[in-house]
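K.L.:
The following block contains the structure, expressed as structure tokens.
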Amino acid sequence: MNVDPLPLVTVVIPAYNAARTLVDTLRSVSSQTHERLEILVVDDGSQDGTYELAIDYRLQDSRVRVLRQENGGVARARNAAIGEAIGSYIAPIDADDLWHPRKIELQLRALASLPDGRGVAYNWYAAIDANGMIFAHSSPVLYKGDVFEIMIRENFIGNGSTPLMPRADVLACGGYDPSLRDQDAEGCEDQKLYLALAERLPFAPVPDFLTGYRFTQGNMSSNACRMLRSHALVMAEVKKRHPHLAAAAATAEFDTARWYFHKALSSKDHDQLRKLAPMIARRFPVRLARHGASLVWHSAKRRARRLARRLTGKRPVPQAADTTAVIALPENGTSFQSRVETAAVGRSGVLAKPRGNGL
């Protein structure tokens, strides 16, 4: 199979009341080193000037097209753009997230390494706050090939602004599922699509933190109860279609609930904690008891080891560092935007300007 070295990639940007962040997102897309892009912004019924900002930005980058619809949610907005797309690949990014300039270039290179060049590429992400400052990052996993069962256990991509997906396969899978929103369970449309793609395609990792994924109070990923309802619906379908993986899906439900609980605890979000605690106790009483017992057991083992070391005077032997690979982790307290701008500076020392028509 011949792989087009410079395929047209359609960037899909759903935008709802995103006037504060949309231009920064568009700049990070315009600065991609892979210039052959179609950039579709879908205004999802915004009331804050998002549409006008997108129209104005088109004057800077003629690759941008702006679509408009009544508010229907992120899945419908993405599907509208995918239906209009002419690119061979779909690269979604939410209107408050950022990309490293080489994201698309490196993802296409990763796909070219697959046997027939067909699959889904992903990278790692840095978590950024409302001001674009890095405060955490994803686990640097390297899952590749058949990742279906892994995707059931954990959404290792972690957000909707990271993958590069073949458009034909996205369409064959039905795109993003808008029915989750209709059931007040919006949030896991991404993972549901990734699961469908993983059943038919290999995945390829790009080992770098190329996505700036924004966490802000009140955004979709911050509404834990709705996200858990969404996740439960997705896992219920997995259990129905793949009964032999029901146990893995049930474990994933508990682990996801536990993750959101610890997230609310660390951020001192008392409102979320009041909602999550009874929900977790009601839905997972046996698993919760086992998890609590495991925590007590491991805590007791650690205390016993510390006591034994004090009594014997022995210290733990430090392990040799693994020098086979060096990964530069994002530094907390630094700006993801500064990484984007630094990487976009050319040899002349001038920021790369948005391109013209890349079609």
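The values are calculated or read from the model by the stated rules, or taken from the named source; none is laboratory data. Worth saying up front: this structure is predicted, and the values here are computed from it rather than measured. Positions of Cβ are generated from backbone atoms using ideal geometry, with glycine treated the same way; all protein chains shown enter the neighbour counts.
K.L.:
Can you confirm whether residue 6 is assigned to a loop (DSSP other than H, G, I, E, B) and surrounded by fewer than 24 Cβ atoms within 10 Å (Cβ to Cβ)?
P.N.:
Working: assigned to a loop (DSSP other than H, G, I, E, B): yes; surrounded by fewer than 24 Cβ atoms within 10 Å (Cβ to Cβ): yes.
In short, yes.
K.L.:
Residues that are among the polar types (S, T, N, Q): list the helices (runs of 4 or more DSSP H) wholly contained in region 139-224 that include at least 1 such residues.
P.N.:
Numbers: elements: 148-153, 167-172, 179-182, 189-198.
Answer list for region 139-224: 179-182, 189-198.
K.L.:
Checking the condition modelled with pLDDT of 95 or more and surrounded by 23 or more Cβ atoms within 10 Å (Cβ to Cβ), which residue from 91, 110 passes? Outline the logic, then answer.
P.N.:
Values: 110 fails: surrounded by 23 or more Cβ atoms within 10 Å (Cβ to Cβ).
The match here is 91.
K.L.:
If you go through region 232-270 one residue at a time, how many are surrounded by fewer than 17 Cβ atoms within 10 Å (Cβ to Cβ), at pLDDT below 95 and among the acidic types (Asp, Glu)?
P.N.:
1
K.L.:
Right, next: Determine, yes or no, whether residue 216 is closer than 30 Å to residue 333 by Cβ and surrounded by fewer than 19 Cβ atoms within 10 Å (Cβ to Cβ).
P.N.:
yes
K.L.:
A further question follows. Identify all residues within region 74-86 that are surrounded by fewer than 20 Cβ atoms within 10 Å (Cβ to Cβ) and either among the small types (Gly, Ala, Ser) or at pLDDT below 95 (or both); write none if there are none.
P.N.:
Once the filter is applied, which keeps residues that are surrounded by fewer than 20 Cβ atoms within 10 Å (Cβ to Cβ) and either among the small types (Gly, Ala, Ser) or at pLDDT below 95 (or both), region 74-86 yields only 83.
K.L.:
Regarding residue 41, is this residue of a type in the set (Val, Ile, Thr) and assigned to a strand (DSSP E or B)? Let's see the steps before the verdict.
P.N.:
Numbers: of a type in the set (Val, Ile, Thr): yes; assigned to a strand (DSSP E or B): yes.
When the stated conditions are applied, residue 41 passes them.
K.L.:
Also, quick follow-up: Residues in region 301-312: is at least one more than 30 Å from residue 226 (Cβ to Cβ), modelled with pLDDT under 65, out of contact with any strand residue (DSSP E or B) (no Cβ under 6 Å at 6 or more places or on another chain) and exposed (fewer than 14 other Cβ atoms within 10 Å of the Cβ)? Working first, answer last.
P.N.:
Taking region 301-312 and keeping what is more than 30 Å from residue 226 (Cβ to Cβ), we get 301-312.
Then keep just the ones that are modelled with pLDDT under 65; that gives 301.
Applying the additional criterion that residues be out of contact with any strand residue (DSSP E or B) (no Cβ under 6 Å at 6 or more places or on another chain) yields 301.
Cutting the leftovers down to exposed (fewer than 14 other Cβ atoms within 10 Å of the Cβ) gives us 301.
Yes: one or more hits.
K.L.:
Now for a separate question. Taking the condition more than 21 Å from residue 190 (Cα to Cα) and assigned to a loop (DSSP other than H, G, I, E, B), does residue 117 pass? Before you say what the answer is, go through the steps one by one.
P.N.:
Details: more than 21 Å from residue 190 (Cα to Cα): yes; assigned to a loop (DSSP other than H, G, I, E, B): yes.
So residue 117 fits the description; yes.
K.L.:
Exactly one condition in (1) out of contact with any Ser or Thr (no Cβ under 7 Å at 6 or more places or on another chain); (2) assigned to a strand (DSSP E or B) is false for residue 273; which is it?
P.N.:
Result: residue 273 fails condition (2) only.
K.L.:
Here are some residues: 209, 148, 135. Which one is within 24 Å of residue 247 (Cβ to Cβ), among the hydrophobic types (A, V, I, L, M, F, W, C) and either surrounded by fewer than 22 Cβ atoms within 10 Å (Cβ to Cβ) or under 17 Å from the mean Cα position of the chain (by Cα) (or both)? Lay out the reasoning, then the answer.
P.N.:
Working: 209 fails: within 24 Å of residue 247 (Cβ to Cβ); 135 fails: within 24 Å of residue 247 (Cβ to Cβ).
None of the others qualify; the one that does is 148.
K.L.:
Yes or no: region 49-59 includes at least one residue that is outside any strand (DSSP E or B), under 20 Å from residue 131 (Cα atoms) and in contact with a helix residue (DSSP H, G or I) (Cβ under 8 Å, 6 or more places away or on another chain).
P.N.:
yes
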